[in-house]
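Reviewing the structure listed below.
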Amino acid sequence: MHFNHFSIIDKSPAQQLVELSELGFAFNPDLAAKSQFKHFLNSSPIDVTTLATSQTQTLLDFFNADTALTWDIFYGVGLQLLGFVANFDFQFTDALSFARRIQLPLVDITADICDSSVLINAIYLLLNTRQKHGMTLVEHLVSEGLIPIDNCYHFFNDKSLATFDTQNLSREVVYIETPVDTQDTGSYDLIKVQIIRPHFAGKLPVVMTASPYHLGINELANDAQLHDMTQALTQKTPHMIDVSTSDHKLPDYDKTAGQPADQNLELEHFTHSWTYSLNDYLLARGFASIYVAGVGTRGSDGFQTSGDYQQILSVTAVIDWLNGRARGFTSRQRTHTITADWANGHVAMTGKSYLGTLAYGAATTGVDGLDVILAEAGITDWYAYYRENGLVRSPGGFPGEDLDVLAALTYSKNLDAADFAKNNLTYQHHLDEMAKHLDRDSGDYNKFWHDRNYLPNAHKVKADVLIVHGLQDFNVTTSHAFNFWHSLPEQVTKHAFLHQGSHIYMHNWQSIDFSETINAYFTAKLLARELTLTLPPVIWQQNSVNQSFLALPDFGAQHIETIQLGYQGELEHFDNHYPDAQFKAYANDFKQFKSDLFLGQANATIIDIHMPEKLRINGQIVLTLNIKLNDSKGILSAQILDFGNKKRLTDTSRLLASKVIDRGRHFMLDDLRELSLVDSPYQVVTKGFMNLQNRQKLTEINSVIPDEWMRVEMRLQPTIYEFEANDTLRLVLYSTDFEHTIRDNREVTYDINLEKSRLYIPKES
């Protein structure tokens, strides 16, 4: 076990004393160290009768004895307060060494514990330390009643504490008027918004999660819309693709009159709905939670436009309403208006996948009032989610999905019979048009995809950007985070948490104080306090070390390691075609295909490269190949593995303890989770796919001349990955990928001149 603390803010001794006093810990500098420690424990909601200082001495006996307080005793008791079991998790004789091994924040133990300021500093650090079960000690003590629930802000180490009553919350429904009309009705779309907020005499900041899944999904429509992946690759006519960025054209309608609601009170309420655990955590600390599904979802107007700026602007309308720039109504009838008189106008957006996507999109509008986004595994360019280098590509684990499929899934209005009766025929026509424009035949970039690319508008971002992305996420690939990171203006503050998981959350991991870090950040940004938190630009989880995070200066290194793939005259060859039985088996189970592929049992060229020394990749590996094929069209797929048996982290988290993290004050409970270090035969490092007719650039379609050598440059998915000396880097080159690409079973052969082929690896010096 290793703790990684990024949320602890350095404070002077005087500041520590003030903050401790506000919690009820009044230290008398004239008291001896042992007495001060006793006073601290007795002032806490801690059952001191359960604690001991050795295998034979209880804490009470220690306080009654003449034995002096030592650092071993202090940290032995401290470990118990943090939930570690004495005599089992650690031994009293080894308490200090154990604390070092798990990376507890420690004071200088060469200093005299009898020095009052040193002891107080140690207590202050201990309160900020994570417990074994995923809460900091101070948050645990607050949950146990250290300070009362009074619906007022209390801060410790510049983080808001859980002092807001989560048993008495306002749960309101408001209908926000957007600036879009996605159905061409002649009136602005209204969207349904659910608000959960604590009672507070002043004005509250808002944490908002935009999710088109929030009010329901249509899985039957989704499944009916899936595309058949078994088909031949389409040959394209050579040409250039020209797209341009255009301003969002918005309708200009007369607004319906509405009377102010009586006492500015809402009419609708709700009981239960999906909530994000991190938002629940912040709710108990004085941050209102808002959930919005957007246009084309249940209870809202309009069509599901799937990622374009109409959908984005339907979300930012909520931020406008919170700042008095848009209208809200008490019902869909638009008879009575309501204002957000309880909001302070400061908003953060949170969420994973589509939720993080909408946060990215909202940030690129430059909307006033959006102070920070926490975008977790979000899409920044929808083309790069469903396409790659002129090739139709499915997101990892979802063959046959495309944007029209996702639209059918998230068009939850069809779940209400009345909306189905009124709008379904028109919406099916809308889906047909979407399917036409997204162009699965060519896989080319076009205006449809350009309208769903947020990167050209990254220069408008004013909010701070916090990115969370899994380096093993091949659903929403790392290119989305990487490209957004490098597209942001220099003046925008940005930080990235890059973990070794796949498409998953990390707010409830044991090893890192993620929630507390976000608390410190949001507390500063949304409550107009000084940002005292010092975060590195990149927090990276090591790939072959258990529970270890390092600070890095950037996502992307400047130094390049060049690796020639072969010797003079060395050629390699692979086929595209499989016998029918094998093809059907792989089509039915792409996981079996991947296993065979990585072990050299599928159609592929495999090149193993011995790593003579440690190498940390940071950025995009570029693969250049000298290649020819006996056909006028082809798919190129490439994967890089860390090959060979050794311990590696799993890409999904495992349950450590069920429902042990209290997100408030006896409020929502969350599981404690962590990635596991296990024996594995290989690890995917990165991958990439290309239509060989798009080998020059995305917007240029070239001919492929059979049996003629050509140069191909492919940028693989960005990553940060560390190879140890004597590791094996395995490069796998092939054509059809049964998980990601269309399943083309034509009889095509590929030849590669390894002498003229290279890997260019960005590495940290």
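Selection within the range 432-461: residues that are farther than 15 Å from ASP247 by Cβ and touching a Pro at 6+ places or on another chain (Cβ under 9 Å). The member of this set that is surrounded by the fewest Cβ atoms within 10 Å (Cβ to Cβ) is ALA458.
Residues checked against (1) over 18 Å from PHE25 (Cα atoms); (2) buried (at least 20 other Cβ atoms within 10 Å of the Cβ); (3) of a type in the set (Gly, Ala, Ser):
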{"residue": "ILE147", "(1), (2), (3)": "no, no, no"}
{"residue": "LEU169", "(1), (2), (3)": "yes, no, no"}
{"residue": "ILE176", "(1), (2), (3)": "yes, yes, no"}
{"residue": "TYR188", "(1), (2), (3)": "yes, yes, no"}
{"residue": "VAL193", "(1), (2), (3)": "yes, yes, no"}
{"residue": "HIS199", "(1), (2), (3)": "yes, no, no"}
{"residue": "LYS203", "(1), (2), (3)": "yes, no, no"}
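Only residues that are under 30 Å from ASP165 (Cβ atoms), hydrophobic (A, V, I, L, M, F, W, C) and touching a Lys or Arg at 6+ places or on another chain (Cβ under 7 Å) were counted in the range 232-281, giving 1.
If you go through the range 342-371 and keep only what is touching a Leu at 6+ places or on another chain (Cβ under 9 Å) and hydroxyl-bearing (Ser, Thr, Tyr), you end up with THR350, TYR354, THR364, THR365.
The numbered conditions (1) surrounded by fewer than 22 Cβ atoms within 10 Å (Cβ to Cβ); (2) within 24 Å of PRO395 (Cβ to Cβ); (3) out of contact with any Phe, Trp or Tyr (no Cβ under 6 Å at 6 or more places or on another chain) are all true for ASN745 except (3). Residues in the range 100-120 that are touching a residue at least 60 places away in the same chain (Cβ under 8 Å), under 22 Å from ASP158 (Cα atoms) and buried (at least 19 other Cβ atoms within 10 Å of the Cβ): LEU104, LEU119, ILE120. Return yes when SER637 is assigned by TED's automatic domain parsing to the domain that holds PRO706, assigned to a loop (DSSP other than H, G, I, E, B) and at pLDDT 95 or above and no when it is not. The answer is no for SER637. Helices (runs of 4 or more DSSP H) fully within the range 354-441 that include at least 3 residues being touching a strand residue (DSSP E or B) at 6+ places or on another chain (Cβ under 6 Å) and at pLDDT below 95: none found.
Looking at the range 284-308 only, could you name the residues that are among the hydroxyl-bearing types (Ser, Thr, Tyr) and assigned to a loop (DSSP other than H, G, I, E, B)? Passing the criteria: THR297, SER300, THR305, SER306.
Per the listing GLY134, GLY83, the residue uniquely touching a strand residue (DSSP E or B) at 6+ places or on another chain (Cβ under 7 Å) and surrounded by 14 or more Cβ atoms within 10 Å (Cβ to Cβ) is GLY134.
Taking the range 139-188 as the range and being acidic (Asp, Glu), within 28 Å of the chain's Cα centre (by Cα) and within 30 Å of GLY324 (Cβ to Cβ) as the test, the residues that pass are ASP158, GLU172.
No other residue among HIS480, HIS507 is surrounded by 23 or more Cβ atoms within 10 Å (Cβ to Cβ), under 12 Å from the mean Cα position of the chain (by Cα) and under 30 Å from LEU82 (Cβ atoms) apart from HIS507. Considering each residue of the range 510-530 in turn, none proves to be part of a strand (DSSP E or B), in contact (Cβ under 8 Å) with a residue 60 or more places away in the chain and among the polar types (S, T, N, Q).
Being modelled with pLDDT of 95 or more, in the same structural domain as LEU370 (by TED's automatic domain parsing), among the hydroxyl-bearing types (Ser, Thr, Tyr) and not in a strand (DSSP E or B) is a property that does not hold for THR337.
Residue-wise test of (1) in contact with a helix residue (DSSP H, G or I) (Cβ under 8 Å, 6 or more places away or on another chain); (2) assigned to a strand (DSSP E or B).
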position	(1), (2)
ASP670	yes, yes
LYS687	no, yes
SER703	yes, no
GLN717	yes, no
ILE720	no, yes
ASN753	no, yes
LEU759	no, yes
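Out of the residues in the range 184-201 meeting the condition of being in contact (Cβ under 8 Å) with a residue 40 or more places away in the chain and of a type in the set (D, E, K, R), tell me which one is farthest from THR271 (Cα to Cα). Among residues in the range 184-201 that are in contact (Cβ under 8 Å) with a residue 40 or more places away in the chain and of a type in the set (D, E, K, R), the one farthest from THR271 (Cα to Cα) is ASP189. Within the range 549-594, restricting attention to residues that are closer than 18 Å to THR605 by Cα and charged (D, E, K, R), which residue is surrounded by the most Cβ atoms within 10 Å (Cβ to Cβ)? So, considering only residues that are closer than 18 Å to THR605 by Cα and charged (D, E, K, R), the one surrounded by the most Cβ atoms within 10 Å (Cβ to Cβ) is GLU572.
Candidates ALA32, ALA65: the one that is of a type in the set (Gly, Ala, Ser), surrounded by fewer than 19 Cβ atoms within 10 Å (Cβ to Cβ), in contact (Cβ under 8 Å) with a residue 60 or more places away in the chain and over 30 Å from LEU531 (Cα atoms) is ALA32.
Between LEU220, LEU204, the distinction of being of a type in the set (A, V, I, L, M) and free of Cβ contacts under 8 Å to residues at least 40 places away in the same chain belongs to LEU220 only. Conditions first: (1) part of a loop (DSSP other than H, G, I, E, B); (2) at pLDDT 95 or above. THR256 passes all but one, so which condition is the exception? It fails just one condition, (2).
Considering the range 92-202, the qualifying helices (runs of 4 or more DSSP H), each wholly inside and each with 2 or more residues that are under 29 Å from GLY664 (Cβ atoms), run over 116-127, 137-143.
If you filter the range 694-742 down to residues that are surrounded by fewer than 17 Cβ atoms within 10 Å (Cβ to Cβ) and β-branched (Val, Ile, Thr), you find that the one that is farthest from ALA585 (Cα to Cα) is THR699.
The values are calculated or read from the model by the stated rules, or taken from the named source; none is laboratory data. Here the structure is a predicted model, which means the values were calculated and not measured. Every residue, glycine as well, gets a Cβ built from its backbone with ideal geometry; the counts of neighbours run over all protein chains shown.
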